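Nothing in this text is a laboratory measurement; each read-out follows from the coordinates by a stated rule. Every value quoted in this text rests on a predicted model; they were computed, and no experiment measured them. Cβ coordinates were reconstructed from backbone atoms using ideal geometry, including for glycine residues, and neighbour counts include every protein chain displayed.
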Amino acid sequence: MTNTMVDRKTAPEFKAIEHINLIKPEKKTLANGSEIFCFNSGDQELVRIEWVFTNLRFDPVKPLLNMATNSMLTDGTATLTAAEIADKVDFYGAFLSVDYGFEQSLVTLYSLTKHLGKTLPVVKDILTNSVFPQKELETFIRNQQQKLQVSLQKNDVVARRTFNKALYGNTIYGLTAELDTFNTLQRDDLLAHFKQMYQPSNCSIIIAGKVDADTLDLLADEFGSGWGNAATAADTTQPVIDRAAEHFYFIEKPEALQSAIRMGLPLINREHPDFPAVQVLNTVLGGYFGSRLMNNIREDKGYTYGIGSGITSHKQGGALFIATEVGADVCKAATIEIEKEVNRLKTDLVPDEELSLVRNYMLGSLLGSLENVFSHADKFKNLYFSGMDYAYYDRYAQVVKTVTADELLKLANRYLDFDQFYKVIVGKY
């Protein structure tokens, strides 16, 4: 037997990622205006179908309609109760969920292809005949209020809500519902919202998995006929963001053992040509476990178990944010260190070794995120609903590979003005 010695002092050699091949969909538009995007790949007779609807215009007087309407879609139709919907889906080993986002709301079905003839009619019933029973609405309101009461005891939740409200104002992005807000929900409003939003012309259907011609025909037949558009088109415009003039918020919790910190500022979104390079800059700052914020505030100072930064991309712009919870006695010290790390990006070039590590992490993460056909469909959604094409990912990979330390320094000075950060502290300071 031969003993093989492992050199644990030398890191494994990096292998460059040359190509990232994305599966592209086939597109079909139904007569009623609904679009179908098909990702055909896989060995198992399984598909994931998503019905994606763009949210209606945010109404400050009735701010919860988008969220509540989507959340209650499976709570009963003209022919099925919530229990009957669940039983029908479970009987065929399928899975049905509803998901609400700032810009789109989804209905998602996982089903074996051989059972689609039974599961698709359930989804169609939900999208055409939901009735939002009064009893279920009252239960929904009560449950949401109870969840909110629990959430508002958490400093990080309060910090996130305060930050979003300051950054995005009275829009769907800045919504901070209070207990009384849920009492504004009325069944008639839900029904009217449902009729306008959940119509074919406002729907994109994305199917991924092992999809054959028969499956596509079945989907097109079920949702191309007997599902018509409302007299009024969906109003998916959104109010202009009016940001708060105040940039610092301290919410004192005298008994707090930890303080929540959330800070950041408005930024470009995915459509801007600088966006990929700014993502590199963010990764250096706090976008992965080996980031500068983690090395300084967790590893060196021991102020926290974790800290990170991220970039959000919305239709009306993006934002950079930094979030952590630290010991209440070191909160001020932690904010000083965060400021140091932000400003260091504006004065010091990122060393070659660090930049190389970040490049490989980002490209590896992109490649690792494409583990199955569903992941490819998710990447497509990011592009499609941002009004972009697949050239974005080619450019993203190229920028990550080639952006220089000098370019990152210039970007930091262009975008990272710590004096303009919105800063929220919840706990002690």
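Annotation for segment 142-172: trypsin sites (Lys or Arg not before Pro) lying in DSSP loop with at most 14 further Cβ atoms inside 10 Å of their Cβ are Lys154.
Of Lys27/Lys381; Lys27/Lys88; Lys381/Lys401, which pairs sit farther than 19 Å apart, going by alpha carbon to alpha carbon?
On the way: Lys27/Lys381 13 Å; Lys27/Lys88 30 Å; Lys381/Lys401 24 Å.
The answer is Lys27/Lys88; Lys381/Lys401.
Per residue, the average separation of C-alpha pairs within less than 8 Å and at least 6 apart gives segment 26-224 a relative contact order of 41 percent. What fraction of the Cα pairs in segment 191-285, stated in percent, has a spacing above 16 angstrom? Result: 78 percent of Cα pairs exceed 16 Å. If only the Cβ of Lys and Arg carry +1 and only the Cβ of Asp and Glu carry -1, the dipole of the chain around its Cα centre is close to 540 debye. When the alpha carbon coordinates of the chain are projected onto the principal axes, the ranges are 63, 62, 47 Å, largest first.
Each of Phe163, Thr81, Asn229 was scored by the projection of its Cα onto the charge dipole of the chain, and the greatest displacement toward the positive side belongs to Phe163; charges sit on the C-beta of Lys, Arg, Asp and Glu. Within straight-line reach of Lys62, meaning a Cα separation under 25 Å, sit the following lysines at least 8 residues removed in sequence or on another chain: Lys135, Lys147, Lys165, Lys195, Lys315. For segment 77-100 versus segment 173-247, the inter-centroid distance based on Cα atoms is 19 Å. Only Lys, Arg, Asp and Glu carry charge here, each on its Cβ (+1 for the first two, -1 for the last two); on that basis segment 354-429 has a dipole of about 160 debye about its Cα centre. Taking amide H as placed 1.01 Å from N in the peptide plane, the amide H of Gln258 sits under 5 Å from that of Ala328, each at least 5 places away or on another chain. Computed over segment 70-180, the range of Cα coordinates on each principal axis works out to 49, 29, 23 Å, biggest value leading. Ordering Phe223, Phe385 from the fewest to the most neighbouring beta carbons within 10 Å gives Phe385, Phe223. Each Cα pair under 8 Å and six or more residues apart adds its separation to the average, and for the chain the resulting relative contact order is 21 percent. Would you please state the base-10 log of I(q)/I(0) at q = 0.10 1/Å for segment 248-427, with intensities from the Debye formula using one equal scatterer on every alpha carbon? Per q value, in the given order, log10 I(q)/I(0) is -0.42.
Taking each DSSP H run with n ≥ 4 as -39500 (n - 2.57) and averaging over every residue of the chain yields -12500 deg cm²/dmol at 222 nm.
Excluding same-chain neighbours fewer than eight residues apart, the aspartates and glutamates reachable from Lys24 by a Cα-Cα span under 12 Å are Asp378, Asp389.
Within a straight-line Cα-Cα reach of under 19 Å, Lys428 can be paired with the following lysines, leaving aside sequence neighbours fewer than 8 residues apart in one chain: Lys154, Lys253, Lys301, Lys332. Considering only Thr29, Ala208, Gln149, the residue lying farthest towards the positive end of the dipole of the chain is Gln149, judged by Cα position with unit charges set on Cβ.
For segment 237-294, which GluC sites (Glu not before Pro) are both in a DSSP coil and crowded by at most 12 other Cβ atoms within 10 Å? Let's see the in-between values first.
Details: sites: Glu246, Glu252, Glu255, Glu271; in loops: Glu246, Glu255, Glu271.
Of the GluC sites (Glu not before Pro), the ones in loops of segment 237-294 whose Cβ has at most 12 other Cβ atoms within 10 Å are Glu246, Glu255.
With no solvent and one equal point scatterer placed on each C-alpha of segment 152-233, evaluate the Debye formula and give log10 I(q)/I(0) for q = 0.19 Å⁻¹, two decimals. After summing over all Cα pairs, the log10 values are -0.93.
Once Rg and the Kirkwood radius are both taken over the C-alpha atoms of segment 26-224, their ratio Rg/Rh works out to 1.00.
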